[in-house]
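Undergrad: Just passing along the structure, written as C-alpha cells.
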Amino acid sequence: MTEHKLVCAQSGVRLDKFIADSEIGISRSAAAELIKNNLALVNGKAVNKNYKLSEGDTVAVSVPEPVAYEAKAENIPLDIVYEDSDLLVVNKPKGMVVHPAAGNYDGTLVNALLYHCGDSLSGINGVLRPGIVHRIDKDTSGLLIVAKNDFAHTSLAEQIKEHSFTREYEAVVFGSLKDDAGTVDAPIGRNPNDRKKMCVTPNNSRNAVTHYSVINRYKGYTHIKCRLETGRTHQIRVHLAYIGHPVAGDTVYGVKNEKVNFEGQCLHARKIGFIHPRSGEYLEFCSDLPDYFSNFLKKLQNISD
C-alpha cells in the first residue's frame, strides 16, 4: 500500500476529481473506487466521492500495490530488421500495442517477443515490459529497439537520456507549415482535464524538443520528417497539434471530421540509430513507409494535381 497526503488549495472541488487531478496519476473512476473502500479519507474521516472539499482539507489516499501480472508468450509474427545476442530491432505494425496494460494483456509486442526470445530479454522494466527500452504508440508504426540483457538495456537507455540516440519519424500533418524547417521546444505533461492525454504545459511537465523539416506539400496537408531530441509520451503528436498542424488521422489530438479519408494515424518511426553496447559501432536502420502511409500520400497527390 502506497500512502499519499494531499492538501486542498481551492474550496468546492469534488473529492474524486481532486484525487484524479493530483500527482498520484489515477483515473477518476479509480479514485471513486478508493473512496468507496475508505482508502481516501478527508481530515481522517470517510466521505462520499462527491464530497466538496474546503481549502486546507487534508486528503489521505492509500493506493494498493498493483496485482502482479506476468506477460505470456504468444506466437505472433515479428518483422525483425536486425538481431544479435544483445538486442534486436523490430518494425512494429500500426495497431499493435507495445506492452501489456489494462485492456491489452495479449496480442502485444512483448507477448510476441517472449515467444521469439524466451528468457533472453532484459528485466530492468519488470515482467510487463521485458526488453522494452523505449516505446511508440499503438497507432504509430515503425522501428523499435529491444534489449536482450540488462547490460544492453542500460547502455541504450543512457544514450536516449544523453540525446545521442537517433530517432527520426515521418508524418503527414494537417495544413501547410509556414516554414520548411523548425523546432518545437515546449514542455509536456499530463492534461489536467483528461489524464489519458498529454499537453504542452509549464506545470508538472518535462522539457521536450522536436525538430521538423518539410518533405513535400499537398493541398491541405504537409509531409514532414521529425527528429526527436527528447522522448516524451505522445511527443510528436502533442507538439504538432500545439503548433496548429496535428498528425493526419490522429483521433486524440487531431482535427475532427477531416475531409480526406485515411487509414489511420499517419506517423511512422522511419529511422533509428545507436551505438552498439558491446562493439561500440554506430548502427543505423531505416524502414520503408508502410502501405497505409504510401496510399495516403498517393491520395493526396491525386487531390493536389
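Undergrad: By how many degrees, 0 to 90 and rounded to 10, does the Cα axis of helix 291-304 deviate from the longest principal axis of the chain?
TA: For 291-304 against the chain, the angle is about 70 degrees.
Undergrad: How much accessible surface does residue 210 have with a 1.4 Å probe, in Å² rounded to 10?
TA: Per-residue accessible area (residue 210): approximately 0 Å².
Undergrad: What does the charge count around residue 193 come to, taking other residues whose C-beta lies under 13 Å from its C-beta (Lys +1, Arg +1, Asp -1, Glu -1)?
TA: Details: positive: 17, 28, 190, 195, 196, 197; negative: 21, 194.
So the surrounding residues net to +4.
Undergrad: If I compute Cα extents along the principal axes in Å from the structure I just sent, which labelled value in (i) 53, 42, 37; (ii) 57, 45, 43; (iii) 64, 48, 33 lines up?
TA: Comparing each candidate, only (iii) matches the computed number.
Undergrad: Now a separate question. Sort 142-151, 7-16, 280-289 for me by packing, meaning the mean count of neighbouring Cβ atoms within 10 Å per residue, highest on top.
TA: Details: 142-151: 21.5, 7-16: 15.2, 280-289: 12.7.
Those peptides, ordered most packed to least, come out 142-151, 7-16, 280-289.
Undergrad: A further question on this structure: GluC sites (Glu not before Pro), restricted to segment 136-182: which are DSSP loop and have at most 15 other Cβ atoms within 10 Å?
TA: Counting only loop positions with at most 15 other Cβ atoms within 10 Å, the GluC sites (Glu not before Pro) in segment 136-182 are 162.
Undergrad: Please report, as a whole percent, how much of the solvent-accessible surface of the chain comes from carbon and sulfur atoms (probe radius 1.4 Å). Don't skip to the answer; put the middle values down first.
TA: Values: 7370 of 15700 Å².
Of the solvent-accessible surface of the chain, carbon and sulfur hold 47 percent.
Undergrad: Check the straight Cα-Cα distances from residue 36 and name the aspartates and glutamates below 13 Å, setting aside those fewer than 8 residues away within the same chain.
TA: Reachable aspartates and glutamates: 16.
Undergrad: Could you pull out the GluC sites (Glu not before Pro) across segment 1-58 that fall in loop regions by DSSP (anything but H, G, I, E, B) with no more than 10 other Cβ atoms inside 10 Å?
TA: Values: sites: 3, 23, 33, 55; in loops: 23, 55.
Sites meeting the loop and neighbour criteria: 23.
Undergrad: Shifting gears a bit: List the trypsin sites (Lys or Arg not before Pro) within segment 53-139 that fall in a DSSP loop (any state other than H, G, I, E or B) and whose Cβ has at most 11 other Cβ atoms within 10 Å.
TA: On the way: sites: 72, 94, 135, 138; in loops: 72, 94, 135, 138.
Sparse-neighbourhood loop trypsin sites (Lys or Arg not before Pro): none present.
Undergrad: Highest first, please rank the peptides 77-90, 222-235 by the mean number of other Cβ atoms sitting within 10 Å of their residues. Before the final figure, lay out each step's value.
TA: Values: 77-90: 16.3, 222-235: 19.1.
Peptide ranking by packing, descending: 222-235, 77-90.
Undergrad: For the chain, what is the accessible area per residue in Å² when the probe is 1.4 Å?
TA: Numbers: 15700 Å² over 305 residues.
On a per-residue basis, 51 Å².
Undergrad: Just report the Cα centroid separation between segment 191-257 and segment 1-77, whole Å.
TA: 29 Å
Undergrad: Then there's this: How high is the relative contact order of the chain? Use alpha-carbon pairs under 8 Å, at least six apart in sequence, and give a whole percent. Numbers along the way, then the final one.
TA: Values: 638 pairs, mean separation 42.0, N = 305.
Across the chain, relative contact order equals 14 percent.
Undergrad: Sticking with this structure for a sec: Could you compute the net charge surrounding residue 182? Neighbours are other residues with a C-beta less than 14 Å from the C-beta of residue 182; K and R count +1, D and E count -1.
TA: Value of the local net charge: -1.
The values are calculated or read from the model by the stated rules, or taken from the named source; none is laboratory data. None of these values were measured; they are calculated from a predicted model. When we count neighbours, we look across all protein chains shown, and the Cβ atoms used for this are built from the backbone with ideal geometry, even at glycine. With ligands, DNA and RNA removed, areas are computed over all heavy atoms of the protein, side chains included. Shrake-Rupley method; radii C 1.70, N 1.55, O 1.52, S 1.80 Å.
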